[in-house]
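The values are calculated or read from the model by the stated rules, or taken from the named source; none is laboratory data. Everything quoted here is computed from the prediction, not taken from an experiment. With ideal geometry, Cβ positions are generated from the backbone for all residues, glycine too; neighbour counts draw on all protein chains shown.
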Amino acid sequence: MGKKTEKVKDEKGITAEKEDDFTDWFTQLMIKAELADYTDVSGCIVFRPASYAIWEKIKEECDIRFKKLGVKNAYFPLFIPEHVLVKEQEHIEGFSPEVAWVTHAGDTKLSERLAVRPTSETIMYESYSKWIRSWRDLPLKLNQWNNVVRWEFKHPVPFLRTREFLWNEGHTVYATKKEAESEKDQIIGIYKEVCEEFLALPSLIGKKSDKEKFAGAEYTISMEFYMPNGKCIQGPDFHHDGQNFAKAYNIKFLNKVGKEEYAYQNTWAITTRMLGVTFAIHSDKKGLILPPRIAVNKVVIVPIFFGDSKEKVLKKAKEVGNSLSELGAIVDEREEYSAGYKFNDWELKGIPLRIEIGPKDLEKDSVVLVRRDNGEKESVKIKDVKKKVEGLLEDIQTSLFKRADKLLRENILRVSSASELKKAIAGKKIAFAPLCRKRGCEDMIKFESVGGKVLNIPEEQPKELGKSKCVICGDKAEYFGYVGKSY
């Protein structure tokens, strides 16, 4: 993610094909739709207003729902002293290759290195151990919206795999395991609702294998998304940490009978990665396609005028725009560009619905509506515009989800042998495979499937599980899991 900017500045439209060169297509989309830009810091991008506004919408919808569960927002330091970070050894071993360290303040070497947070368990739980004394202090439900740094050495991809990204960190503490685990469905339910209802994205929800779970957790529940290039990517997740962190950071409380116990904890997150997933799955060769519910500007009105029609057409365009102001309607009054240029420009930027109005439309007291998702055009009487626009926006939202769901479902193949697994992954599919729980077999999946891994394990298992055999070793299968290549 260093210096590709010049490569994609030459032409206005996108020149790469999504199906043939996904990486170049996605890079051009990011730059030309003004979603992000590169910086001189490798792996770190600028979130331009068009993408950051969508992140604000995700934050808003999640935050409303978190607060209904009694979760409160807080903020903890960006820097974590090394002695604090190493307390939870399993956790730091999971993140140590990715930690960025501050070693100097000006020219003075620090007496102790400070980690730039890769995640905040370690700094937050020092405080939790001071604040929690009695069962009356529980549950403690805090969340923070912040940035984190993970200095990954894999190839960075804008939005999808960056060294700095934005997210929420939910960190909750309960008196009992039952209470803590009951939060799982609530949190995953929130993330699922936001992803489906606003981003128009379906997912595969299930438990991560022990190999792939979050470092320090008892188990991880993840949402996995299928990308158009055949790779999968992990989205929002929920980690039940049991008492692992409580024991490492001495988070104890006196229960109702005066006995001291360790607390039970959860962590959960959604990140700016979801912006990239949304852009990649819905967009096309013309540019960005946005689900209407996350589009700040859901409608653009392009007046088509020439000669003495300008004043009348522009006046009517503004009237229509005012009637749709709650949808963030834009009236494109630019005179230095042709109507065709404007059409292409707004298609590139993903405005869900375009309204065209010219002299001939005025004569018929109508406008032309053009959908961004499928290009369909429709002439509508001006008096009916608001109702029609609202209906079309909802239909676009629904259609985008159905299209994304079709993409996901059509690319899942059930397999029953290593050769079928390999063929599925080579064909850019997700394999639904019977497996045992031996770590050696899971390690072998990477070789047998040419780079695949277990994405997650759905809670609801096929009835034929009892008769199935592990595709790696041939022993009795203990679960069916989704296997695929992943970012």
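A few points about this structure:
- Yes/no for ASN168 being assigned to a strand (DSSP E or B), surrounded by fewer than 17 Cβ atoms within 10 Å (Cβ to Cβ) and not hydroxyl-bearing (Ser, Thr, Tyr): no
- Members of region 337-365 that are surrounded by 18 or more Cβ atoms within 10 Å (Cβ to Cβ), farther than 27 Å from ALA53 by Cα and among the small types (Gly, Ala, Ser): GLY358
- Residue that is modelled with the highest pLDDT, among those in region 146-165 that are of a type in the set (D, E, K, R) and assigned to a strand (DSSP E or B): GLU164
- Consider region 404-428 and keep the residues that are buried (at least 21 other Cβ atoms within 10 Å of the Cβ) and not β-branched (Val, Ile, Thr). The one that is nearest to GLY474 (Cα to Cα) is LEU421.
- Listed conditions (1) in a loop (DSSP other than H, G, I, E, B); (2) crowded, with 19+ Cβ neighbours inside 10 Å; (3) modelled with pLDDT of 95 or more are all met by ASN143, apart from (1).
- Total residues in region 219-253, condition over 30 Å from PHE22 (Cα atoms), out of contact with any helix residue (DSSP H, G or I) (no Cβ under 7 Å at 6 or more places or on another chain) and assigned to a loop (DSSP other than H, G, I, E, B): 1
So that you can scan it fast, the table gives a plain yes or no per residue for (1) surrounded by fewer than 22 Cβ atoms within 10 Å (Cβ to Cβ); (2) under 24 Å from ALA175 (Cβ atoms):
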| position | (1), (2) |
| --- | --- |
| TYR226 | no, no |
| CYS232 | no, no |
| GLY258 | yes, yes |
| ILE270 | no, no |
| LEU275 | no, no |
| LYS286 | yes, no |
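- Applying a threshold of 7 Å to beta carbon distances and a minimum spacing of six or more residues, or different chains, the list of pairs starting in region 351-370 at a residue that is on the phi > 0 side of the Ramachandran plot and ending at one that is not in a loop (DSSP other than H, G, I, E, B) reads ASP365/LYS381; ASP365/ILE382.
- Meets criteria (hydrophobic (A, V, I, L, M, F, W, C) and under 19 Å from LEU407 (Cα atoms)) for PHE225: yes
- Residue that is within 17 Å of GLY230 (Cβ to Cβ), surrounded by 15 or more Cβ atoms within 10 Å (Cβ to Cβ) and of a type in the set (S, T, N, Q), where the choices are SER449, SER399: SER449
- In region 254-287, the residues that are among the hydrophobic types (A, V, I, L, M, F, W, C), over 28 Å from TYR219 (Cβ atoms) and assigned to a loop (DSSP other than H, G, I, E, B): VAL257
- Residue in region 50-69 that is assigned to a strand (DSSP E or B) and surrounded by 14 or more Cβ atoms within 10 Å (Cβ to Cβ) present: no
A quick yes/no check of all residues on (1) outside any helix (DSSP H, G or I); (2) touching a His at 6+ places or on another chain (Cβ under 7 Å); (3) of a type in the set (A, V, I, L, M):
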| site | (1), (2), (3) |
| --- | --- |
| ILE190 | no, no, yes |
| CYS195 | no, no, no |
| GLU212 | yes, no, no |
| ALA215 | yes, yes, yes |
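- Filter result for GLU196 (touching a Pro at 6+ places or on another chain (Cβ under 7 Å), acidic (Asp, Glu), surrounded by fewer than 19 Cβ atoms within 10 Å (Cβ to Cβ) and at pLDDT 95 or above): yes
- Residue in region 114-127 that is touching a Lys or Arg at 6+ places or on another chain (Cβ under 9 Å), part of a strand (DSSP E or B) and more than 23 Å from THR271 (Cβ to Cβ) present: no
- For region 294-342, a tally of residues being among the charged types (D, E, K, R) and touching a Lys or Arg at 6+ places or on another chain (Cβ under 8 Å) returns 3.
- Beta carbons closer than 8 Å, at least 6 apart along the sequence or on distinct chains, pair a first residue in region 455-466 that is free of Cβ contacts under 8 Å to residues at least 40 places away in the same chain and under 14 Å from ARG437 (Cα atoms) with a second that is outside any loop (DSSP other than H, G, I, E, B) and not aromatic (Phe, Trp, Tyr) for LEU465/PRO434.
- The set of residues in region 236-268 being on the phi < 0 side of the Ramachandran plot, in contact with a strand residue (DSSP E or B) (Cβ under 7 Å, 6 or more places away or on another chain) and of a type in the set (Gly, Ala, Ser) consists of ALA246, ALA263.
- The C-beta contact set for region 95-106 (first residue at negative phi and part of a strand (DSSP E or B), second residue β-branched (Val, Ile, Thr) and surrounded by 10 or more Cβ atoms within 10 Å (Cβ to Cβ), distance under 6 angstrom, 6+ apart or interchain) comprises ALA100/VAL116; ALA100/VAL149.
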